[in-house]
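A.B. asks: Pasting in a structure now, in structure tokens, and then I'll have a few things to ask.
The values are calculated or read from the model by the stated rules, or taken from the named source; none is laboratory data. Predicted, not measured: the structure shown is a model, and the values here were computed from it. Every residue, glycine among them, receives a Cβ derived from its backbone with ideal geometry; neighbour counts consider all protein chains shown. To get the accessible areas, we keep the full protein, side chains included, count just its heavy atoms, and leave off ligands, DNA and RNA. Shrake-Rupley method; radii C 1.70, N 1.55, O 1.52, S 1.80 Å.
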Amino acid sequence: QAPSVATPPVRRSPWPGRLSGAQAVMVLRAVTLSLMCSAQAAAFAPSVATRQPQLKGSSTSRSLLVNLRAGGTTTPQARGGRRVSMEASAEGVPAVTAAYTVAGLATTATWTAVAIIALSPHPTLALPLRHNVLTIAQALAFPVPLGVATFVALRGASTAGWGRLKSATYRRLNLAMAAASLWLAAAMVWGPRFAAGYDMFTPTIAAAGASVHCLTAALCLGVWANTVEASPKPLSGHYIPRIVRGFVGSLWSLPPKGSAVDDPDAPGRRSGAAEYALAAVLFGWFAVLPVVSSFPLATVPSILGKRLSRAASAWTFLGAAVAYVLKDAAERDRLGASTFKTLRKGLALGSGLHLFVIALKLIGADGGGLLLPGTGLWEYYPAAMSKPFASLCSVAMHSVACFAAFTPPSEK
């Protein structure tokens, strides 16, 4: 008789069996229902926004008048003779604005609930409450301010109308938020594959969280698709080539522009474009690192262990996109605009809080460290301490983001 091969059991978290898990289900169901209603309303927004008043005269004169009302930002005729009346809408889009509001609140609430459920109890270790609190704080420190700032920026653009949303800045933010949301949804659906075998969520919680993130991605992709044109023939109607060209073009545009980027006293050097470019490269690299690396290296830069480090790569990727947007704004001398002020504050606050929690751990607030007596730093964070170079580079990444955000060019 051939010996049977025992498969390792899936390590389950004790959290889902508690009453608080049922309460979390109710919260996630409520935010999912609200987001579904807002997303459905947003689907009808383009048809409402594209309605133009009937004007007397020829079609050309009507198109020119619409173009003048939009500030000269549209062309009378689009490809194939179809007027792009959506661009001429100078008014806000209330349905999309409301959808962004609900999506931002739902995404923040979902990630907070996920962090609490996944990081409060450890499936195999008995950890003190102090450690759980610091770990949850680490999980929320960077994602929450950055995500809120991104949704606030998108919401502000929607109040100005489709013409504002057509800007390259908001197209990038929509795509980045959609990609991050899809990654978070995948982490909810295939939790054990992301968390080294830990099964932390019941099917109901996983489905509710994935629904929130998928609806957020649908909202952002829908708004993005409504502000761009499909690819020409032979791939007419496909948006993938446009995304690929934009991504490759962004990679080649990462080096800061200017003839004196190495001179701190040069007129354009104080914009911070070089610092934001370096931050974008580091955030991009650390967004990929946990996905392609094995543990313990995969715990860097989020320092969330095996349970959430790979899922948190979505927020690191969003940080790379925001840093690139700020780099582009710095080169165009636009950092003083409200959108970029919001993004700059969100990036600075998120990176600053992340560094603050790391400093607490290094000092020894979690049972001892470099200053306070005890061995908690080495007992509770062996993965990060075993990879000092990667950990220091992640600290440098957030430090560069803070430096660039806290030292903006003086407003004239």
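A.B. asks: Specify which of the listed residues (Ala359, Ala365) is over 26 Å from Ala153 (Cα atoms) and modelled with pLDDT of 95 or more. Step through it out loud before you land on a result.
C.D. replies: Numbers: Ala365 fails: modelled with pLDDT of 95 or more.
Of the residues listed, the single one that is over 26 Å from Ala153 (Cα atoms) and modelled with pLDDT of 95 or more is Ala359.
A.B. asks: Within the set of pairs 6 or more residues apart or between chains, which connect a residue that is at pLDDT 85 or above inside segment 110-135 to a residue that is basic (Lys, Arg) and open to solvent by less than 40 Å² (accessible area, probe 1.4 Å) with Cβ atoms less than 7 Å apart?
C.D. replies: Taking only residues 6 or more apart or on different chains, the pairs are Ala118/Arg307; Leu119/Arg307; Leu134/Lys361.
A.B. asks: Follow-up. What's the total number of residues in segment 142-163 that are touching a Gly at 6+ places or on another chain (Cβ under 9 Å) and closer than 11 Å to Thr339 by Cα?
C.D. replies: The qualifying residues number 7.
A.B. asks: Given the criterion part of a helix (DSSP H, G or I), more than 13 Å from the chain's Cα centre (by Cα) and touching a residue at least 60 places away in the same chain (Cβ under 8 Å), identify the matching residue among Ala187, Ala153. Outline the logic, then answer.
C.D. replies: Details: Ala153 fails: more than 13 Å from the chain's Cα centre (by Cα).
From the options Ala187, Ala153, the qualifying one is Ala187.
A.B. asks: Right, next: Quick one: count up the residues across segment 365-392 that are touching a helix residue (DSSP H, G or I) at 6+ places or on another chain (Cβ under 8 Å), open to solvent by 40 Å² or more (accessible area, probe 1.4 Å) and assigned to a helix (DSSP H, G or I).
C.D. replies: Counting residues in segment 365-392 that are touching a helix residue (DSSP H, G or I) at 6+ places or on another chain (Cβ under 8 Å), open to solvent by 40 Å² or more (accessible area, probe 1.4 Å) and assigned to a helix (DSSP H, G or I) gives 3.
A.B. asks: Quick check: anything in segment 233-244 more than 26 Å from Gly147 (Cα to Cα) and either among the charged types (D, E, K, R) or in contact with a Lys or Arg (Cβ under 7 Å, 6 or more places away or on another chain) (or both)? Step through it out loud before you land on a result.
C.D. replies: Residues of segment 233-244 more than 26 Å from Gly147 (Cα to Cα): 233-238, 241.
Narrowing further to those that are either among the charged types (D, E, K, R) or in contact with a Lys or Arg (Cβ under 7 Å, 6 or more places away or on another chain) (or both): 233.
Yes, there is a match, as at least one residue in segment 233-244 is more than 26 Å from Gly147 (Cα to Cα) and either among the charged types (D, E, K, R) or in contact with a Lys or Arg (Cβ under 7 Å, 6 or more places away or on another chain) (or both).
A.B. asks: If you check Thr159, Thr169, which single one turns out to be hydroxyl-bearing (Ser, Thr, Tyr) and surrounded by fewer than 21 Cβ atoms within 10 Å (Cβ to Cβ)?
C.D. replies: Values: Thr169 fails: surrounded by fewer than 21 Cβ atoms within 10 Å (Cβ to Cβ).
Sole residue among the options that is hydroxyl-bearing (Ser, Thr, Tyr) and surrounded by fewer than 21 Cβ atoms within 10 Å (Cβ to Cβ): Thr159.
A.B. asks: May I ask you to list the residues in segment 315-343 that are open to solvent by 30 Å² or more (accessible area, probe 1.4 Å) and under 17 Å from Cys402 (Cβ atoms)?
C.D. replies: Lys341, Thr342
A.B. asks: Being β-branched (Val, Ile, Thr) and closer than 20 Å to Ala149 by Cα: is that true of Val322 here? Break it down into steps so the answer makes sense when it comes.
C.D. replies: On the way: β-branched (Val, Ile, Thr): yes; closer than 20 Å to Ala149 by Cα: yes.
Criteria met by Val322.
A.B. asks: Conditions: (1) open to solvent by 10 Å² or more (accessible area, probe 1.4 Å); (2) farther than 16 Å from Gly352 by Cα; (3) of a type outside the set (A, V, I, L, M). Tyr100 meets all but one. Number of the miss?
C.D. replies: (1)
A.B. asks: I need the full set of residues from segment 193-243 which are over 23 Å from Ser120 (Cα atoms), without any contact (Cβ under 8 Å) to a residue 40 or more places away in the chain, outside any loop (DSSP other than H, G, I, E, B) and open to solvent by 40 Å² or more (accessible area, probe 1.4 Å), in order please.
C.D. replies: Cys214, Ile240, Arg242
A.B. asks: Being crowded, with 22+ Cβ neighbours inside 10 Å and not in a loop (DSSP other than H, G, I, E, B), is that true of even one residue in segment 119-127?
C.D. replies: Initially, segment 119-127 is screened for residues crowded, with 22+ Cβ neighbours inside 10 Å, giving 119.
In the following step, the residues that additionally are not in a loop (DSSP other than H, G, I, E, B) were identified as 119.
Yes.
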